[in-house]
Amino acid sequence: MFEMLAESKGKAVGIRAEGWLTDADYKEFLPGLEELIRRHGRIRLLVDMEGLEGWEIHAAWDDFTFGMTHWNHFERMALVGDKKWEEVAAKVTNLLMRGETRFFATSEKDAAWAWIKE
């Protein structure tokens, strides 16, 4: 499931991804994120992946197609987590997106928010 984080304000958007993500999770959550992109043009996104277990195949495709559709709508993206693959994902995302993507360890969540909001 996805959850919009209370610290979100304006184009600084934080989301929590938890559990095993499904196609239904994306269909429910992405329209709201796309509305924020329409409203602000480009957003700064923090993704808290601390409780993320993975994706079903269709959800992985949803994630990929959303990212490729909106690759130029992210000024900055902070991926926050505690797994090595999440750090690698941040490096790959940094190559694919127009804006900058950085990985922050879970213990650095405050620093991730500060970077997103600066």
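The values are calculated or read from the model by the stated rules, or taken from the named source; none is laboratory data. Note that this is a predicted model, so its numbers are computed, not measured. So basically every Cβ, Gly included, is an ideal-geometry build from the backbone, and we count neighbours across all protein chains shown. The protein model used for the area step is the full one, side chains on, heavy atoms only, and it has no ligands, DNA or RNA in it. Shrake-Rupley method; radii C 1.70, N 1.55, O 1.52, S 1.80 Å.
If you take the residues of segment 35-47 that are charged (D, E, K, R) and within 21 Å of Ala90 (Cα to Cα), which of them is most open to solvent (accessible area, probe 1.4 Å)? I'd like the intermediate steps shown before the answer.
Let us first name the residues in segment 35-47 that are charged (D, E, K, R), namely 35, 38-39, 42, 44.
If we keep only those that are within 21 Å of Ala90 (Cα to Cα) as well, we get 42, 44.
On the way: Arg42: 64, Arg44: 37 Å².
Selected residue: Arg42.
Only residues that are assigned to a strand (DSSP E or B), surrounded by fewer than 17 Cβ atoms within 10 Å (Cβ to Cβ) and touching a strand residue (DSSP E or B) at 6+ places or on another chain (Cβ under 7 Å) were counted in segment 1-34, giving 4. The set of residues in segment 89-115 being out of contact with any Lys or Arg (no Cβ under 8 Å at 6 or more places or on another chain), closer than 15 Å to Gly14 by Cα and open to solvent by 30 Å² or more (accessible area, probe 1.4 Å) consists of Thr106, Glu108, Lys109, Asp110, Ala111, Ala114.
Tell me, yes or no, whether segment 50-59 has at least one residue that is among the β-branched types (Val, Ile, Thr), out of contact with any helix residue (DSSP H, G or I) (no Cβ under 7 Å at 6 or more places or on another chain) and surrounded by 13 or more Cβ atoms within 10 Å (Cβ to Cβ). Before the answer, list the steps.
Kept after step one, since they are among the β-branched types (Val, Ile, Thr), are these residues of segment 50-59: 57.
Among the residues that remain, those that are also out of contact with any helix residue (DSSP H, G or I) (no Cβ under 7 Å at 6 or more places or on another chain) are: 57.
Now restrict to residues that are surrounded by 13 or more Cβ atoms within 10 Å (Cβ to Cβ): none.
No, segment 50-59 has no match at all.
Between Trp85, Trp61, the distinction of being modelled with pLDDT under 85 and either touching a Leu at 6+ places or on another chain (Cβ under 6 Å) or of a type outside the set (A, V, I, L, M) (or both) belongs to Trp85 only.
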